[in-house]
1. Take residue 111 and tell me if it is surrounded by 20 or more Cβ atoms within 10 Å (Cβ to Cβ) and in contact (Cβ under 8 Å) with a residue 60 or more places away in the chain.
2. Could we say that residue 143 is assigned to a strand (DSSP E or B), charged (D, E, K, R) and either at pLDDT below 95 or closer than 29 Å to residue 77 by Cα (or both) here?
3. Is it the case that residue 116 is among the small types (Gly, Ala, Ser), outside any strand (DSSP E or B) and not assigned by TED's automatic domain parsing to the domain that holds residue 37?
4. Go through (1) closer than 19 Å to residue 28 by Cα; (2) without any contact (Cβ under 8 Å) to a residue 40 or more places away in the chain; (3) among the small types (Gly, Ala, Ser) and name the single condition residue 146 misses.
5. Looking at this structure, is residue 120 closer than 30 Å to residue 154 by Cβ, hydrophobic (A, V, I, L, M, F, W, C) and free of Cβ contacts under 8 Å to residues at least 40 places away in the same chain?
6. Can residue 134 be described as touching a residue at least 24 places away in the same chain (Cβ under 8 Å) and touching a Leu at 6+ places or on another chain (Cβ under 7 Å)?
7. Select from the range 102-113 the residues that are over 18 Å from residue 24 (Cβ atoms) and part of a strand (DSSP E or B) and list them in ascending order.
8. Name the single residue, out of those in the range 74-100 being assigned to a loop (DSSP other than H, G, I, E, B) and small (Gly, Ala, Ser), that is surrounded by the most Cβ atoms within 10 Å (Cβ to Cβ).
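The values are calculated or read from the model by the stated rules, or taken from the named source; none is laboratory data. Keep in mind that what you see is a predicted model, and the values were worked out from it rather than measured. Every residue, glycine as well, gets a Cβ built from its backbone with ideal geometry; the counts of neighbours run over all protein chains shown.
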Amino acid sequence: MNQIAPINDDGRVEIVQDVIFSGMPSQVVNLPTFIKGGVAAVAVFAAYGYAVTRWPVPWFAPVVAFVAITVGAIVAYLRTAFTEIIIDTSRITCRLGILSRRVESLELFRIQDVTSLHPWWQRPFGIGTVIVLTSDSHNPQWRLPGMREAEQLRSDLNRAAIALRDAKGIREVNMGKV
């Protein structure tokens, strides 16, 4: 995975970065939001149909509710569509945001543990959530939802983190909770 090649006569080495994953999360992670939105829309129109027979209800009331539900679904879709994750053999980089952008990065040598979760409704689509526990005090846990082949990605991240620590001569020391 890591390719190490000398770069100078002084013996320094360079780690050639191979891309492990590059892309965006699957839109399948928004399936519960879309289903809830559909159920809410049906409930709003059913409630409007009942209420209009009992009270004077303005015609635009269900339209406003439907627009709010639709905007919520569109925001969920765009939030996922505008998320870019790049994992190479030295770091994880996440670019997030629809209008404003936030870029986060995690050096792989900080990874302590990687877990993949596969909820029952995501398994048929071959996706899952990768949870990365780190020694980074600002972001001790990274969640990467909607990752295709999450179990393989978990394994690749573990191997890349170990290889990077070995290449840099970094050893992990666990002090325990104080």
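1. Judged against the criteria, residue 111 is not a match.
2. Judged against the criteria, residue 143 is a match.
3. Against the criterion (among the small types (Gly, Ala, Ser), outside any strand (DSSP E or B) and not assigned by TED's automatic domain parsing to the domain that holds residue 37), residue 116 does not qualify.
4. All conditions are met except number (2).
5. Yes.
6. Yes: the conditions hold for residue 134.
7. Across the range 102-113, the qualifying residues are 107, 111, 112, 113.
8. Applying the first criterion (assigned to a loop (DSSP other than H, G, I, E, B)) to the range 74-100 yields 82-83, 89-90, 97-100.
Okay, now just the ones that are also small (Gly, Ala, Ser), so 90, 97, 100.
Working: 90: 21, 97: 12, 100: 6.
Within the range 74-100, the match that is surrounded by the most Cβ atoms within 10 Å (Cβ to Cβ) is 90.
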